[in-house]
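The next block holds one structure in the form of structure tokens; read it before the comments.
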Amino acid sequence: MRSESFSLLLSLVALLCIPCGIVIASFAIRRLRNNSAIPFKDVLATCATAAGITIAITLVISLVLKASGFFDQQFYRPSARSYGAQAELGLEPEAVSFDSADGTMLHGWFLHSDDEPLGTVICFHGSDRNITHTTRNVHWLTQRGFNVFVFDYRGYGQSEGTPDRKGLVEDSVAAIDYVMTRSDVRPDRIILYGQSMGGQLALNAASIRKDAGIRLVIAEATYARQSYHLSDKLGQFGPLWLVKWGGWLLTSDEYSGEAAIADLRSTPVLLVHGNLDTGVRPYHSERLFDAAAGAKEIWRYEGLGHLQIFNDGPQQDRLVEFMKRHFAPVSDVDDNEAGG
């Protein structure tokens, strides 16, 4: 049994131990007072009733949490505030807007490579804030020969709308569509790089597009299934650990990273995770790696937490060298194009 499944089972067992323990203790006190035996079937029946009532109460609590938006808050934490990363880093991004499939206007920045670009990296940020903050996580790629496109999903930053699962996937596909149409982008040299929630979106977008120009998908600290990620989050809220199984039961895994990566048979995938990550637990990358059907690689880092890995220059260099290996030499591509 996987550790995450065991944790859910343990949560349910611990929850049921509470009413059953109370029932058994009450029957034991009655026996001591009356000095008479109590039929075991009576104890068992009362325990079953108490357990059923407890499960019902737990489900009601879970439904209330879901209806209140608490579950969604574990996935989407958008902000319209400007965090000023571009000014702090001395960047001059090209501001762009484009439409998602349903007409929602999205906002993004195109950062040009400092040198002749090797290719273009489309970045999918995590659940927090917006590109005026998350650009600091990826801007260094422009110093290593890549164009970088960062954008905000619906409801984030200057983008219109309200976040929802289907909408964010559509926004991610629209970002690829937009970048592919730019005259200053080689559509055969695209890399998708998603962090945290963004990794799940990058995997889904690549699965939907199935574009040969997408040479590589990088998913850093990404969750495999929404239901398991939510149960992990509930487990961090003290007493809510007892109802984490209810959150798991009530959360759909539509557009999960596992399903998307299993569909990516011709696009290589790199998974990256630190073993001290509490934002997204490391087992998620292991699940994704097991589910991947195509070329895959996983980098595991000791002593690092959520999205801390590529803050370090040598690790940035390692990632860039890995990315370069997924591009055919420019001369080879040009020769093929010249030959018709």
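Values in this text are rule-based calculations from the coordinates and carry no lab data. Keep in mind the model is a prediction, meaning the values are calculated, not measured. Methodologically, a virtual Cβ is constructed for each residue, glycine included, from the backbone with ideal geometry; neighbour enumeration extends over all protein chains shown.
Extent of the chain along each principal axis, from alpha carbon coordinates, in Å, largest to smallest?
Reported extents, whole Å, longest axis first: 96, 37, 35.
Highest first, please rank the peptides 70-82, 186-198, 272-284, 209-221 by the mean number of other Cβ atoms sitting within 10 Å of their residues.
Highest to lowest by the protection proxy: 186-198, 209-221, 272-284, 70-82.
Hull surface divided by four, with the convex hull built on the Cα atoms of the range 203-245: how many nm²? Provide the component values of the computation, followed by the final result.
Values: hull surface 14.8 nm².
It is 3.7 nm².
Which percent, nearest 5, of DSSP beta bridges in the chain are antiparallel? If you can, show how the numbers build up before the last one.
Values: 11 of 39 bridges.
The antiparallel proportion sits near 30 percent.
Would you pull out the residues with amide H under 5 Å of residue 223's amide H, same chain only if 5 or more places away, H placed 1.01 Å from N?
HN-HN under 5 Å from residue 223: 200.
Picking from 245, 306, 224, whose Cα lies most toward the positive end of the charge dipole for the chain (charges on Cβ: Lys, Arg +1; Asp, Glu -1)?
245
Using a 7 Å offset from Cα along Cα-Cβ at residue 87, what residues in the range 99-113 end up with backbone N under 20 Å from the label point?
Of the residues in the range 99-113, 108-111 have backbone N under 20 Å from the label point off residue 87.
Given +1 on the Cβ of Lys and Arg, -1 on the Cβ of Asp and Glu, and no further charges, what dipole in debye does the chain carry about its Cα centre, rounded to the nearest 20? Display every interim value, and only then the final one.
Values: 31 positive and 39 negative charges, 441 e Å.
I would put it at about 2120 debye.
Taking Cα atoms of the range 3-68, Rg/Rh with Kirkwood Rh, to two decimals? It would help to have the intermediate numbers written out before the result.
Numbers: Rg = 15.4 Å, Rh = 13.6 Å.
Rg divided by Rh gives 1.13.
With the contact rule set at Cα under 8 Å and sequence spacing of 6 or more, what percent relative contact order holds for the chain? Spell out each step's value before the answer.
Details: 623 pairs, mean separation 47.1, N = 340.
It rounds to 14 percent for the chain.
Just for the range 28-151, what percent of DSSP beta bridges are antiparallel, to the closest 5?
60
Within the chain, count lysine pairs with alpha carbon atoms under 16 angstrom apart where the residues are 8 or more positions apart or belong to different chains.
Numbers: 66/233; 66/244; 233/244; 296/324.
Lysine pairs meeting both conditions in the chain amount to 4.
Span-like helices, the chain: DSSP H, alpha-carbon axial extent 27 Å or more, mean Kyte-Doolittle -1.0 or greater, which ones?
Working: long enough: 3-34 (45 Å, 1.33); 40-67 (40 Å, 1.66).
Helix filter hits for the chain: 3-34, 40-67.
As a test of the formula, what do you get for the chain when each DSSP H run with n ≥ 4 contributes -39,500 (n - 2.57) and the sum is divided by the residue count, at 222 nm and rounded to the nearest 500 deg cm²/dmol? Before the final figure, lay out each step's value.
Numbers: 13 runs with 154 residues, N = 340.
Here the helix-only value at 222 nm equals -14000 deg cm²/dmol.
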